[in-house]
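S.K.: Here it is, the structure in full.
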There are 2 protein chains.
Amino acid sequence: MKRYKREDPVSYALGITLTFELLKFAPETARRVYIHSLMEHGESYDKLMSLCKDLKIETVFSDKPFNILSQKENCYVIGEFDKKFTPLDKNASHIVLNNPSNAGNLGTIMRSAAGFGITDLAIIRPAVDPYDPKTVRASMGAVFRLNVSEYDSFDSYVQNAGSREIYPFMLQASKKLKDTDFKKPFSLLFGNEATGLDDSFLNVGTSVIIPHSDRIDSLNLPIAASIALYEATKNTDF
Amino acid sequence: MKRYKREDPVSYALGITLTFELLKFAPETARRVYIHSLMEHGESYDKLMSLCKDLKIETVFSDKPFNILSQKENCYVIGEFDKKFTPLDKNASHIVLNNPSNAGNLGTIMRSAAGFGITDLAIIRPAVDPYDPKTVRASMGAVFRLNVSEYDSFDSYVQNAGSREIYPFMLQASKKLKDTDFKKPFSLLFGNEATGLDDSFLNVGTSVIIPHSDRIDSLNLPIAASIALYEATKNTDF
């Protein structure tokens, strides 16, 4: 066992809560569960053991993976899983991230997307790893409930996305979010944390701005994406 | 010079961008500016020097504070400032955080509040330090543009806040955010990251829920607060 690398076919859910999310929502991808000698025996432990038994998932009692994979204290369970990339649903609405660079931000956006019922996530490379254990942790397990797909370019995404209206979010846009009528299926498109979307995206679909005061330069990326997700889905009956 | 502690009267803006925010928006609190020997001489450097000269702020050329205060590479400027707590404006709308526990979250909420024109922030103790250098960094300098006030209890906040409508955000509420009409001046009230607001807040003002799917347990705190800030201020002309 080695430190996690992007090119590995597997990744890791660090902690018992994330491992339960894995076993519950993506059990077909779960390979094995590591258990630390300090893991307390009790209700959670019994639940974990019986779930692994039912799903026929190997349990490995060893402290070694924890030293390699987890810097955190109190992490006594690790779920190892196969990374899964799923073609997006052409009839569903998508969230599309062009060159996201921060694992925590990507995970937070996954959590908000799942929260607002958008289950298809497109990532345009170069981009941070959607299955980096840091992304997985920030997603609070939402990554196990999403269809995640990577593309080499925005054009390649468009060619595979099916017919839809695309809404690029950018400070150069003139249409305000509150005045935007989102036609389903839609794609909400966001740029990189530092650079946003360049002017060429003004020619794509309907570009949208979330107006803010001049007291800040920009909203934080997961904040902007989550506000857009909220507004675009606010008439859904959750 | 020692490592930052909460009880210190001063805190630090780590990095040149944050230091410019300090000098621009809270110059009266700036004590001195530390400059590292690796700081490049050029346009930014000249601008910093002339700003410090104009504002009569001491510049200290020493690498030592950087070893003590900054774990980050590429941090070559540190602004030292007096922490400032300002009584809130009784006629303005507020954002109120009950026992926030994470510095990054608090800073992100400050940035969103400034972005949506809410400049008064109340923090109910126990709470994370609003002037921790981590909070300051996550705020991207928004902390220098806000009135920040701490209270020992929610009651003490209410007694000092002036007449207003309070909107506690909680999963136990029945009024949906999209159906809520925010009467100014308002207070948007949020609970702790892990525990939220307890049922007793159902009796305070108009409690509000941001509905989400059952695919997640809850929205991340700065996401929920920012969505509320967006919705409550969406008719403002930024």
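S.K.: Of the residues A:Leu171, A:Leu188, which is in contact with a helix residue (DSSP H, G or I) (Cβ under 6 Å, 6 or more places away or on another chain), more than 19 Å from A:Leu22 (Cα to Cα) and aliphatic (A, V, I, L, M)? Write out each step before concluding.
M.R.: Details: A:Leu171 fails: in contact with a helix residue (DSSP H, G or I) (Cβ under 6 Å, 6 or more places away or on another chain).
Every option except A:Leu188 fails the conditions.
S.K.: Pairs only if they're at least six apart or on different chains, beta carbon under 7 angstrom, first in region A:179-194 and in a strand (DSSP E or B), second surrounded by fewer than 17 Cβ atoms within 10 Å (Cβ to Cβ); list them, first residue then second.
M.R.: Between residues of region A:179-194 that are in a strand (DSSP E or B) and residues that are surrounded by fewer than 17 Cβ atoms within 10 Å (Cβ to Cβ), the close pairs are A:Phe186/A:Glu165; A:Asn192/A:Ser101.
S.K.: Hey, among the residues in region A:95-143 that are in a helix (DSSP H, G or I), more than 24 Å from A:Val158 (Cβ to Cβ) and in contact with a strand residue (DSSP E or B) (Cβ under 8 Å, 6 or more places away or on another chain), which one's nearest to the other protein chains (Cβ to nearest Cβ)?
M.R.: A:Arg137
S.K.: All but one of (1) closer than 28 Å to B:Lys2 by Cβ; (2) hydrophobic (A, V, I, L, M, F, W, C); (3) more than 15 Å from the chain's Cα centre (by Cα) hold for B:Leu22, so report the exception by its number.
M.R.: Unmet condition: (3).
S.K.: Just one of the numbered conditions (1) in a loop (DSSP other than H, G, I, E, B); (2) in the same structural domain as B:Asp155 (by TED's automatic domain parsing) is not true of B:Ser37; which one?
M.R.: All conditions pass for B:Ser37, except number (2).
S.K.: Return the residues of region B:144-178 that are in a strand (DSSP E or B) and over 18 Å from the mean Cα position of the chain (by Cα); say none if nothing qualifies. It would help to see each step written out before you state the result.
M.R.: Going residue by residue through region B:144-178, those that are in a strand (DSSP E or B) are B:147-151, B:165-169, B:175-176.
Scanning region B:144-178 gives B:Glu165, B:Ile166, B:Tyr167, B:Pro168, B:Phe169, B:Lys175, B:Lys176.
S.K.: So which pairs qualify, if the first residue must be in region A:209-238 and at the interface with chain B (Cβ under 7 Å from one of its Cβ atoms) and buried (at least 23 other Cβ atoms within 10 Å of the Cβ), the second must be among the hydroxyl-bearing types (Ser, Thr, Tyr) and part of a loop (DSSP other than H, G, I, E, B), the Cβ gap must be under 9 Å, and the two must be at least 6 apart or on different chains?
M.R.: Going by the 9 Å Cβ cut-off, the qualifying pairs are A:His212/A:Ser218.
S.K.: Restricting attention to region A:66-99, which residues are β-branched (Val, Ile, Thr), out of contact with any Lys or Arg (no Cβ under 9 Å at 6 or more places or on another chain) and surrounded by fewer than 18 Cβ atoms within 10 Å (Cβ to Cβ)?
M.R.: A:Thr86
S.K.: So, of the residues in region B:195-208 that are closer than 15 Å to B:Leu97 by Cβ and among the aliphatic types (A, V, I, L, M), which turns out to be surrounded by the most Cβ atoms within 10 Å (Cβ to Cβ)?
M.R.: B:Leu197
The values are calculated or read from the model by the stated rules, or taken from the named source; none is laboratory data. All figures in this text were calculated on a predicted structure; none of them were measured in a lab. Backbone-built Cβ (ideal geometry, glycine too); neighbour counts: all protein chains shown.
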